[in-house]
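Reviewing the structure listed below.
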Amino acid sequence: MPGDSLEALCSEAAELRAQQESISARLAKVEQKIASSREAKRPRITSPTNTAPQPKSYTLWPEAAAAVAARRAAGQILPIGAPGRVPRVYVDGCFDMMHSGHMNAVRQAKLLADEVGGVLVVGVHTDAEIMRTKGPPVMREDERMALVAAVKWVDELVLDTPYTPTVEFLDSLDIDFCVHGDDMSIAADGTDAYGPVKAAGRIRIVKRTEGVSTTDLVGRLLLLTRDHHAPPLDAPLCASSSQAVSASGAGAAPPPSPPVVASPGAAAYEQANISSSGVSQFLATTRRLTQFSSGRKAGRDERVVYVDGAFDLCHAAHVHALYAARRRGDYLLVGLHDDATVNARCGANHPLMSLHERALCVLALAPVDEVILGAPATVTADLLRTMNVALVVGNADPNYLDHPGAAAGDGDGGGDRYAAARELGRYADAEQAHPLRLEEIVRRIVDNRAKYEQRNATREKKELKYVQEKAFVEEL
Ligand code: CTP
């Protein structure tokens with residue numbers, strides 16, 4: 001056939017190739033349109049700087065009262081009982097060494113506010129007010145405020161509130177009722193600090209969280225400062241030094257049992273589940289973890305940022321680091337090392353808070369989306385794939401960067417805990433760290449040892465009385 005000549009076949013092939021190219025070009029254009037259309041329909045992730053939560057700003061009480069008066073005058077705040085009014089609920093505290101008990105009180109107060117469609121106003125006492133009523137606070141005002149401002153249930157934040165709130169005080173902030181744990185506070189003159197608002201029927205009592213208190217944490221810190229089982233104070237308490245490692249052995253050795261300090265009546269405290277031994281008495285339940293958790297999973301297109309560490313005695317520097325990490329993406333995943341890992345690294349009585357207590361504190365913070373309980377000490381490529389991590393931010397505490405086992409060549413990734421993330425181009429150093437360190441908190445306790453021991457003796461008696469006399473209060 002003439003059409004089957006070599007020339008004809010070549011020409012047909014050329015024509016088909018041209019058609020194929022044109023079809024491929026059209027197909028590419030259609031695929032491009034499909035992709036754009038899909039992209040347009042996808043839920044939008046706004047830029048991280050827009051979505052990242054910010055610490056709640058605060059006002060001093062006189063300014064807050066003036067602002068409330070102005071809003072009232074402008075008709076923005078309606079009188080109590082008026083239709084359309086947004087109720088205002090108040091909870092206050094020292095929030096010294098803010099722990100999961102404090103956070104749980106704020107959470108329960110927020111639930112009560114939600115029940116009536118209201119907002120939660122949180123009041124914090126100044127250092128001077130705490131000094132006057134309870135003795136020296138461990139954490140300074142700005143450090144305490146950094147924690148409270150990061151708690152996700154806070155709507156409005158006021159500093160310089162009175163330890164003894166009066167009805168006039170509640171009115172000045174246009175508060176419907178205040179909330180307190182069922183451990184009532186004693187004012188400097190020995191009377192019930194909430195007596196006036198109780199008498200006016202403007203208080204709601206929530207269940208105090210047992211097994212954790214500032215007194216207990218000060219007690220654990222006092223034990224930590226005892227020479228016979230703490231590293232020297234001029235050495236970092238949480239360092240990658242061989243001393244810290246050899247104190248308890250590298251790897252996942254169980255934490256040593258801290259010595260029980262004999263004290264008069266110790267048995268009574270033990271029976272009441274009040275810690276005098278430096279061991280956490282906190283009972284963690286899965287329900288509590290669920291209450292604190294956001295329950296939010298990362299969206300497919302969200303940039304997951306990972307940070308890890310001990311986050312023991314959750315303080316202002318942790319909050320600073322968590323916000324900084326969260327700003328680098330859309331979703332913050334925090335890997336918490338288990339107690340044995342922290343103890344192997346830091347020795348002595350570390351960690352001061354158990355894994356579950358640490359998890360609750362971190363989960364209560366606005367920048368945190370999710371926590372891994374007992375994260376691997378070395379960040380593996382597998383972990384990054386499994387959790388779809390886009391960026392690992394190094395620990396902000398330089399003492400916590402390396403794996404302590406590395407010096408002994410334990411074959412689990414060398415000294416650099418972040419080697420896998422670096423190799424994948426998914427690692428960034430932490431931004432400049434906040435200066436507060438656990439060593440500094442311990443030093444404050446050491447410097448004021450006598451005062452804290454005296455304060456704790458009084459406070460422990462109060463806690464014992466609470467446990468012995470408590471009635472059943474349903475937890476929200
Ligand atoms: N709170 C709680 N559970 C705890 C400790 C405190 O529910 N384990 C509540 C208190 O009842 C109060 C709020 O947290 O409503 C703020 O407490 P704060 O004044 O800061 O301190 P204390 O009650 O003295 O708590 P701590 O014993 O920890 O110092």
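The values are calculated or read from the model by the stated rules, or taken from the named source; none is laboratory data. Computed from a prediction, not measured in an experiment: that's the story for all the values here. Note: ideal-geometry Cβ built from the backbone for every residue, glycine included; neighbour counts use all protein chains shown. With ligands, DNA and RNA removed, areas are computed over all heavy atoms of the protein, side chains included. Shrake-Rupley method; radii C 1.70, N 1.55, O 1.52, S 1.80 Å.
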| message | Quick check: the distance between the Cα centres of the range 171-210 and the range 86-146, to the nearest angstrom? | response | 12
| task | Would you mind counting up the charge near residue 366? Only other residues with Cβ under 9 Å from its Cβ, with Lys and Arg at +1 and Asp and Glu at -1. | result | +3
| task | Just tell me which lysines come within less than 28 Å, Cα to Cα, of residue 29; anything on the same chain fewer than 8 places away is out. | result | 41
| task | Evaluate E = 1/(1 + (r/R0)^6) for residue 34 and residue 422, where r is the Cβ-Cβ distance and R0 equals 41 Å; express this FRET efficiency to the nearest 0.05. | result | 0.65
| said: Once you place label points 7 Å from the Cα toward the Cβ at residue 131 and residue 294, how far apart are they in nm? | reply: 3.8
| request: Starting from the Cα of residue 110, draw a straight line to each of the aspartates and glutamates and keep only those under 18 Å, dropping any in the same chain fewer than 8 residues away. | output: 92, 155, 156, 174, 176, 182, 474, 475
| field | Accessible area in square angstrom per residue, the range 293-429, 1.4 angstrom probe | value | 33
| message | If you filter the range 138-232 for trypsin sites (Lys or Arg not before Pro), then keep DSSP loop positions with at most 14 other Cβ within 10 Å, what is left? | response | 140, 226
| remark: Note: the range 161-203 at 4 °C, 1.567 mPa s; Kirkwood Rh on alpha carbon pairs; Stokes-Einstein D in µm²/s works out to 123
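Quick one: of the DSSP bridges fully inside the range 59-206, what percent are antiparallel, nearest 5? Write out the running numbers ahead of the final one.
On the way: 1 of 20 bridges.
Restricted to the range 59-206, the bridges split so that about 5 percent are antiparallel.
In what sequence, highest mean first, do 98-110, 459-471 appear when ranked by Cβ atoms within 10 angstrom?
Numbers: 98-110: 24.5, 459-471: 14.7.
Highest mean packing first, the order is 98-110, 459-471.
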| request: Would you work out the charge dipole size for the range 59-206 about its Cα centre, treating the Cβ of every Lys and Arg as +1 and the Cβ of every Asp and Glu as -1, and quote it to the nearest 20 debye? | output: 360
| residue 14 versus residue 188, label points 7 Å from Cα toward the beta carbon: distance in nm? | 10.2
| field | Amide H contacts of residue 392 (H built 1.01 Å from N, under 5 Å, at least 5 apart or other chain) | value | 306, 427, 428
| Charge sum, other residues only, whose C-beta stays under 9 Å from residue 176's C-beta, Lys/Arg counted +1 and Asp/Glu -1 | +2
| request: Pop out the ³J(HN,Hα) list for the range 430-440 in order, Karplus 6.51 cos²θ - 1.76 cosθ + 1.60 with θ = phi - 60°, rounded to Hz; leave Gly and Pro as x. | output: 5, 5, 3, 6, 5, x, 5, 9, 4, 4, 5
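Quick one: if the Förster radius is 35 Å, what FRET efficiency do residue 286 and residue 471 give, using the C-beta to C-beta distance and rounding to 0.05?
Numbers: r = 26 Å, r/R0 = 0.74.
With R0 = 35 Å, the Cβ-Cβ based efficiency is 0.85.
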| said: Per 0.36 nm of contour for each residue apart, how much would the distance between residue 119 and residue 63 grow if the chain were fully extended, relative to their Cα-Cα spacing? | reply: 18.3 nm
| Under 25 Å from the Cα of residue 134, which lysines turn up, not counting those fewer than eight places away in the same chain? | 198, 207, 451, 461, 462, 465, 470
| message | Using a Förster radius of 35 Å, what is the FRET efficiency between residue 388 and residue 82 based on their Cβ-Cβ separation? Nearest 0.05, please. | response | 0.10
